[in-house]
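Peer 1: Okay, handing you the structure first.
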């Protein structure tokens, strides 16, 4: 059978298996085993266990559970509330200052947790009720938090960036740096839209929030200092030549646990055990998908599917930007139905040779891919952040939350266009700090 036709058959079967309700990892193993057995015979199955466990034999994978512990530790405290209160007091004079404060808190919390749902939940629990109480439209209140939560997978440390780095053998340090400026760009676009939409609502009471004295503003600053120390500590450890990304993740986990236990007085052993337990569950899930995706990639390569797709794309007389538009459409659609980690592990090994053959930078492409995954987090039917927000404010319909998030989807699409026009937004910082990629 022609490898391209076989590749299309694999794609259809994979979609059907995953839509059946089977977990992503098990679904990938089922599809891989079935095609290897049918086309390569029983002997090919003997390699599957070796490939499965071999994919997990990487020191870089240790960073995943460490960064997850880091996020879970902070999410278990009132850190989100403290960030929200501090920013709200300092940004109160800005038009729509309350929603700006929430987005700023999302950005800072994302820089510590690396998790979109955790960011949504931590900031939304305080921010959404307060915005509604002050008269902000429900669409703005919920949409801003849903969109702000997506920053967790772009602003470093980002688990999805780690997964991309492992899947494509790309420098995790470079990927983290590449996410900084695009993350700030998204924050700026989100805030600009929020100010405009607040002004457009015509409710002048929203343009002037409560006033705080200078003593009240400075009073809350000590609550923010631990987070600044954590962020600086993690960045210095990684880029100061002190430790590898995996070792840096351990430093971040220790710092966050220290803040949770000492500053927020999380003395209860059961709560600490819950943090470690939930972190272990999430880590095992991600590592299981990584191992299964390794088997899936082996199947595609063994059947010459990946190579044939790359050769076929290379022979097409197509403008590279037309190709990139098609790749973006594919990623957005995939993000509608699958979690970011699954999409990255399944698509990155296939798409990266195509993208690099077309002349695009793999670090830049990682940022483009991640923003596409952000769109999926606030888009039905699997938009996880939409359901997190609905859990915080169950009296607000999913339709209202979705309508509120759509303008922020437009902001993400605008960010992708800007990154295409000015790729240096993603590549300048890693090239400046770490030198040009070889």
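Peer 1: Inspect all residues belonging to segment 86-94 and state whether any of them is under 19 Å from residue 197 (Cα atoms), at pLDDT below 75, in contact with a helix residue (DSSP H, G or I) (Cβ under 6 Å, 6 or more places away or on another chain) and surrounded by fewer than 23 Cβ atoms within 10 Å (Cβ to Cβ).
Peer 2: The answer is yes; a qualifying residue exists.
Peer 1: In addition: Look at residue 309 and say whether it is modelled with pLDDT of 80 or more, surrounded by 17 or more Cβ atoms within 10 Å (Cβ to Cβ) and in a helix (DSSP H, G or I).
Peer 2: The answer is no for residue 309.
Peer 1: Given the criteria part of a helix (DSSP H, G or I), without any contact (Cβ under 8 Å) to a residue 40 or more places away in the chain and in contact with a helix residue (DSSP H, G or I) (Cβ under 9 Å, 6 or more places away or on another chain), does residue 365 qualify?
Peer 2: Spelling it out, residue 365 is indeed part of a helix (DSSP H, G or I), without any contact (Cβ under 8 Å) to a residue 40 or more places away in the chain and in contact with a helix residue (DSSP H, G or I) (Cβ under 9 Å, 6 or more places away or on another chain).
Peer 1: Another question about this same structure. Could you check segment 312-336 and list, in sequence order, the residues that are modelled with pLDDT of 75 or more and farther than 23 Å from residue 423 by Cβ?
Peer 2: Scanning segment 312-336 gives 333, 336.
Peer 1: Now for a different question. Across segment 409-438, which residue is nearest to the chain's Cα centre (by Cα) among those that are at pLDDT 85 or above and outside any helix (DSSP H, G or I)?
Peer 2: Of everything passing the filter in segment 409-438, 423 is nearest to the chain's Cα centre (by Cα).
Peer 1: Let me ask you something else. Looking at (1) over 19 Å from residue 157 (Cα atoms); (2) at pLDDT 80 or above, which is the only condition residue 258 fails?
Peer 2: Here residue 258 meets the rest and fails (1).
Peer 1: Still on this model: Return the pairs, sorted by first residue and then second, in which the second residue is assigned to a helix (DSSP H, G or I), the first residue lies in segment 117-138 and is on the phi > 0 side of the Ramachandran plot, the beta carbons are less than 9 Å apart, and the residues are 6+ apart or on different chains.
Peer 2: Filtered contacts from segment 117-138: 135/205; 135/206.
Peer 1: If you don't mind, another one. Considering only segment 35-64, state which residues are in a helix (DSSP H, G or I), over 24 Å from the mean Cα position of the chain (by Cα) and in contact (Cβ under 8 Å) with a residue 40 or more places away in the chain.
Peer 2: Listed by number, the residues that qualify are 35, 36, 39, 40, 44, 48, 51, 52, 53, 54.
Peer 1: For residue 288, which of the numbered conditions (1) buried (at least 19 other Cβ atoms within 10 Å of the Cβ); (2) within 26 Å of the chain's Cα centre (by Cα); (3) within 30 Å of residue 44 (Cα to Cα) fails to hold?
Peer 2: (1)
Peer 1: Please identify the pairs in which a residue from segment 286-311 that is free of Cβ contacts under 8 Å to residues at least 40 places away in the same chain has its Cβ atom under 6 Å from the Cβ atom of a residue that is assigned to a helix (DSSP H, G or I) and surrounded by fewer than 21 Cβ atoms within 10 Å (Cβ to Cβ), counting only partners at least 6 apart or on another chain.
Peer 2: none
Peer 1: So, one more: Across segment 216-232, what is the total count of residues that are under 18 Å from residue 180 (Cα atoms) and touching a helix residue (DSSP H, G or I) at 6+ places or on another chain (Cβ under 8 Å)?
Peer 2: 4
Peer 1: Being over 25 Å from the mean Cα position of the chain (by Cα), modelled with pLDDT of 75 or more and farther than 27 Å from residue 271 by Cβ narrows it down to one residue among 99, 12; which is it?
Peer 2: Only one candidate qualifies: 12.
Peer 1: Also: With the requirement that a residue be outside any loop (DSSP other than H, G, I, E, B) and out of contact with any helix residue (DSSP H, G or I) (no Cβ under 8 Å at 6 or more places or on another chain), what does segment 233-269 give you?
Peer 2: 235, 236, 254, 258, 262, 269
Peer 1: May I ask you to list the residues in segment 425-438 that are surrounded by 14 or more Cβ atoms within 10 Å (Cβ to Cβ) and free of Cβ contacts under 8 Å to residues at least 24 places away in the same chain?
Peer 2: Of everything in segment 425-438, just one residue is surrounded by 14 or more Cβ atoms within 10 Å (Cβ to Cβ) and free of Cβ contacts under 8 Å to residues at least 24 places away in the same chain, namely 431.
Peer 1: Considering only segment 19-34, state which residues are part of a helix (DSSP H, G or I) and under 31 Å from the mean Cα position of the chain (by Cα).
Peer 2: 19, 24, 25, 26, 27, 28, 29, 30, 31, 32, 33
Peer 1: Related question: If you scan segment 327-340, which residues turn out to be in a helix (DSSP H, G or I) and farther than 18 Å from residue 362 by Cβ?
Peer 2: The answer is 329, 332, 333, 334, 335, 336, 337.
Peer 1: Could you say whether any residue in segment 65-78 is closer than 27 Å to residue 246 by Cβ, part of a helix (DSSP H, G or I), at pLDDT 80 or above and out of contact with any helix residue (DSSP H, G or I) (no Cβ under 6 Å at 6 or more places or on another chain)?
Peer 2: no
Peer 1: Do we have residue 130 as at pLDDT below 80, surrounded by fewer than 24 Cβ atoms within 10 Å (Cβ to Cβ) and in a helix (DSSP H, G or I) here?
Peer 2: Here the answer is yes, as residue 130 does meet what is asked.
Peer 1: Something else now. Does residue 406 fit the bill of being out of contact with any helix residue (DSSP H, G or I) (no Cβ under 6 Å at 6 or more places or on another chain), in contact (Cβ under 8 Å) with a residue 12 or more places away in the chain, in a helix (DSSP H, G or I) and within 22 Å of residue 336 (Cα to Cα)?
Peer 2: Answer is yes for this residue.
The values are calculated or read from the model by the stated rules, or taken from the named source; none is laboratory data. Computed from a predicted model, the values in this text were never measured in an experiment. Neighbour counts are summed over all protein chains in view; Cβ atoms, including those assigned to glycine, are modelled from backbone coordinates with ideal geometry.
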